[in-house]
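The values are calculated or read from the model by the stated rules, or taken from the named source; none is laboratory data. Being a predicted model, the structure only gives us computed values, none of them experimental. Note that each Cβ is placed from the backbone with ideal geometry, even for glycine, and that neighbours are counted across all protein chains shown.
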Ligand code: NAD
């Protein structure tokens, strides 16, 4: 199968006729080709989106909301086949795709479809007179750039709010996982979106990414991916010399899980298994640094290791990524870390590495400081609450954290002290789409979700009327 670009409502090859191989992580085999877009394709997509914007921005919120809802229905109708495609393309288990990613795609459309109808019209009467009316206006064409770990889930997390608020979009999926974005464009057509409102271009970010993020028609860039790429985008977009662009960056993490001895052990083990190994540890909010209070450390370790063999694992996304993860395991061994389970590539085809648990590493080891983004966690004991906070905050990242304790006052105290954007108490990844999603330090800039997305994808205008004409 050839995976094509979707520009101005039509599927098309790239201008230069170039293609990339698309590999199935479970087999290691090439199973389709994807367009390798160049600068010319980016230009065409931006122009198509710009052309569509004038009438799209004038559509009633009600009409946009009903198109989004219809798109959600179509994804729900095709959920099983899309889940199968996502699993094959990304390596994740079918269960993760079917019960995790795809239902969330549907929710993204339902949620922002409702939100489009609730765009707030705030009004403030000034003390010294003046009646202030605030309205929100779409920006124009926005770029949505997404990574390979949750391909359609993250694409639609950007697409749905951007469209709800009246913008046109040029989206760029990861070159490693292009399949479901391609299949999804067929649903965009079927739902009846006007041509040019949604455009999807494929190819290598390193080759055509700058052309997208610096294009004069692009008014905002919403990026999710690595800290390295996000930092680069921030720089080139600012230096592009065109009108200033809004930038939202959701980037890497090295999240801490803090487990106190008074926790509900069963519940903590269940949440820790998920926060460590869900989607092969390829979720930005996974918590690869597990800190356990000394009195519980040995019991926790034993019980965790007992439960790991039953935890479902898919393949890692690519040979190169598997190699990178294995390099960290080898480094851990060289630094004196003890591999308690996993750590070996599964024999046979595909990019498989079992859940890997390491103990005995220093907090300054690169294994404990750098993002690995695979099924590898480290266990570290701690003695006091202050030490746990110090350890948790000792990295450059600050996306999310979990805290496990029965002492709610302590949970509140520790949560306030952590340098992160999101904290889960006695749980992991419970999501309410109205809440802000994002991180601090080198994990990100800005927030997605609810009113934060509304503000990102619109410009606010204040009109001040006099009390009397
Ligand atoms: P990546 O940065 O390599 O690529 C992300 C996207 O950016 C891809 O579509 C890629 O083609 C594109 N890209 C690459 N160079 C570009 C350029 N110069 N200009 C524009 N686009 C460019 O990231 P990845 O390896 O695909 O994804 C894994 C990373 O994503 C991890 O660091 C993970 O933590 C992060 N992530 C963060 C969140 C979050 O919400 N904070 C969520 C999921 C994943």
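Couple of notes before you dig in:
- Residue check, residue 80 on the phi < 0 side of the Ramachandran plot, assigned to a helix (DSSP H, G or I), out of contact with any helix residue (DSSP H, G or I) (no Cβ under 6 Å at 6 or more places or on another chain) and surrounded by 16 or more Cβ atoms within 10 Å (Cβ to Cβ): no
- Some residue of segment 374-392 being modelled with pLDDT of 95 or more, more than 16 Å from the ligand (Cβ to nearest atom), within 13 Å of residue 253 (Cα to Cα) and touching a strand residue (DSSP E or B) at 6+ places or on another chain (Cβ under 8 Å): yes
- Residues satisfying the stated conditions in segment 249-283, i.e. within 12 Å of the ligand (Cβ to nearest atom) and on the phi < 0 side of the Ramachandran plot: 249, 250, 251, 252, 253, 254, 255, 282, 283
- Number of the condition not met by residue 137 [criteria: (1) within 27 Å of residue 44 (Cβ to Cβ); (2) touching a helix residue (DSSP H, G or I) at 6+ places or on another chain (Cβ under 9 Å)]: (2)
- Subset of segment 123-143 (residues that are more than 18 Å from residue 451 (Cα to Cα) and assigned to a strand (DSSP E or B)): 124, 125, 131, 132, 141, 143
- Set side by side, the residues 245, 217 differ, and just one is touching a residue at least 40 places away in the same chain (Cβ under 8 Å), within 25 Å of residue 138 (Cβ to Cβ) and touching a helix residue (DSSP H, G or I) at 6+ places or on another chain (Cβ under 7 Å), which is 217.
- Under the condition of being over 24 Å from the mean Cα position of the chain (by Cα), outside any loop (DSSP other than H, G, I, E, B) and surrounded by 15 or more Cβ atoms within 10 Å (Cβ to Cβ), the residues counted in segment 399-409 number 1.
- Test: residue in segment 162-180 that is part of a helix (DSSP H, G or I), within 16 Å of the ligand (Cβ to nearest atom) and touching a helix residue (DSSP H, G or I) at 6+ places or on another chain (Cβ under 6 Å): yes
- Elements of type helices (runs of 4 or more DSSP H) contained in segment 280-398, each with 1 or more residues being free of Cβ contacts under 8 Å to residues at least 60 places away in the same chain and within 23 Å of residue 262 (Cα to Cα): 294-307, 385-392
- Looking across segment 420-469, the residues that are surrounded by fewer than 17 Cβ atoms within 10 Å (Cβ to Cβ) and under 20 Å from residue 227 (Cβ atoms) come down to 436, 440.
- Residues in segment 285-295 that are within 27 Å of residue 446 (Cβ to Cβ) and touching a strand residue (DSSP E or B) at 6+ places or on another chain (Cβ under 7 Å) were compared, and the one that is farthest from the ligand (Cβ to nearest atom) is 289.
- For residue 450, the criteria (1) more than 16 Å from the chain's Cα centre (by Cα); (2) in contact (Cβ under 8 Å) with a residue 40 or more places away in the chain hold in every case but one, which is (1).
- For segment 135-160, the candidate set comprises residues that are surrounded by fewer than 24 Cβ atoms within 10 Å (Cβ to Cβ) and touching a residue at least 60 places away in the same chain (Cβ under 8 Å); within that set, the residue that is farthest from residue 318 (Cα to Cα) is 135.
- Selected residue [within 25 Å of the chain's Cα centre (by Cα), surrounded by 15 or more Cβ atoms within 10 Å (Cβ to Cβ) and within 30 Å of residue 458 (Cβ to Cβ)] from 67, 51: 67
- Test: residue in segment 122-133 that is crowded, with 17+ Cβ neighbours inside 10 Å and either modelled with pLDDT under 95 or farther than 23 Å from residue 10 by Cβ (or both): no
- Residue in segment 372-387 that is at positive phi and more than 26 Å from the chain's Cα centre (by Cα) present: no
- Considering the conditions (1) closer than 28 Å to residue 208 by Cβ; (2) buried (at least 22 other Cβ atoms within 10 Å of the Cβ); (3) within 16 Å of the ligand (Cβ to nearest atom), residue 96 is excluded by exactly one of them, (1).
- Residues within segment 428-459 that are within 13 Å of the ligand (Cβ to nearest atom) and assigned to a strand (DSSP E or B), tallied: 6
- Output for segment 210-244, where each listed residue is more than 13 Å from the ligand (Cβ to nearest atom), under 18 Å from the mean Cα position of the chain (by Cα) and either more than 16 Å from residue 42 (Cα to Cα) or surrounded by fewer than 17 Cβ atoms within 10 Å (Cβ to Cβ) (or both): none
- Residue 193 farther than 16 Å from residue 49 by Cα, more than 15 Å from the chain's Cα centre (by Cα) and more than 14 Å from the ligand (Cβ to nearest atom): no
- Some residue of segment 101-120 being exposed (fewer than 15 other Cβ atoms within 10 Å of the Cβ) and more than 21 Å from residue 456 (Cα to Cα): no
- Filtered by the rule that a residue be in contact (Cβ under 8 Å) with a residue 40 or more places away in the chain and either assigned to a helix (DSSP H, G or I) or more than 19 Å from the chain's Cα centre (by Cα) (or both), segment 83-98 gives 85, 86, 87, 88, 89, 90, 95, 96.
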